[in-house]
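The structure under discussion appears below in the form of structure tokens.
Values in this text are rule-based calculations from the coordinates and carry no lab data. Keep in mind that this is a model prediction, so the values were computed, not measured. FYI the Cβ positions are ideal-geometry reconstructions off the backbone, even for glycines, and counts take in every protein chain you see.
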Amino acid sequence: MLLRKRSFLFTVNLALLVILLIVSLIVVLPLNWDYYVLSTSEYGHRDLYSQGSSWITSIESLRDLDAVRTVLVVARNSPLDSGELEGIIEFTNRGGIVITYGSRELTESVFRYLGFKATYEGLIRDPVFSWSSSIKVLVELPLCNNTIVVLDTPYLFNITGTWIIGDLLYTINTSMFSFLDKNNNKLYDVDELLGEFPVIYIVKVGRGLIIIVCAHGVFTNSVFNGNTPWLECLTNRSRSVVVDQSEFKSDLLACFKLLVFTSRGVSPLFVLVVSLTILVILYRVYSYKGS
């Protein structure tokens, strides 16, 4: 009977240790996915997270946010569906600022919901007005004291149609030295368009703004340091930054890590659970020795 009890206690302790090890590995091992707030990859948002940004895993959570004190970053590979876009529009109507960038599918879904047909034309390069490479294009904002913004891999859409939702305030173009690299050979060819191209659209919606950036990266790790002045201008020291992570809500591993971490580091709840697990293990080990 005593042998069975000891065997049972050993099994329980081993199971607890294995669970603790697995959870620790999940927390420690990186997930370098595009636009993930804990990713250190080129298109991750780890630098943005390090600045104290928080996140949501569902667009429905926007209802609980104070819109006039929030800048929402929507960056992803997949397009937004109509329900998500409806939630974003409702958020901007209440005074929120939304900035979108990422895949061309994402950008196209935003344009389409606002009433436009967006036809993809190709990547934009600028060999002169650029940052480290011709694909990291610089643009000058007329607001924020003419702040220079770095766009990682910008692209061009041919926009047709009329606005159904909101009013276009203005567009921001690349420099006169940029060109449309339609064949993506990284060189300017004589039949390719050369000049200024619209890459940022500022749209007034209700009391807020939607800023549509036709680029794969804006506040991503690859160009974050170059764009902190623009981020400070958008927040104006009165708004907090919230990053949409709803693209990862179907991934259990990604969601678990988002639960463990907060904008201030590891969640106190996670620390408490781990601490209690360790205490239980130690208690059982000493009880086992005492018996």
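Here are the numbers for this structure:
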read-out	value
Which listed pairs, of LYS117/LYS249; LYS117/LYS182; LYS117/LYS204, have C-alpha distances above 22 Å, in listed order	LYS117/LYS249
Around LEU231: net Lys/Arg minus Asp/Glu count, Cβ-Cβ under 12 Å	0
Charge context of GLU84, other residues only, Cβ under 15 angstrom, K/R +1, D/E -1	-4
Length added when fully stretched, ILE165-SER240, from 0.36 nm per residue minus Cα-Cα	24.5 nm
Charge tally in the Cβ shell below 15 Å around HIS45, where Lys, Arg are +1 and Asp, Glu are -1, HIS45 excluded	-3
Residue exposure sequence - THR57, THR107 - by fewest surrounding Cβ within 10 Å	THR57, THR107
Ranking of VAL241, VAL218 by count of other Cβ atoms within 10 Å, fewest first	VAL241, VAL218
Projected-area mean, segment 46-250, by convex hull of Cα positions, square nanometres	11.1
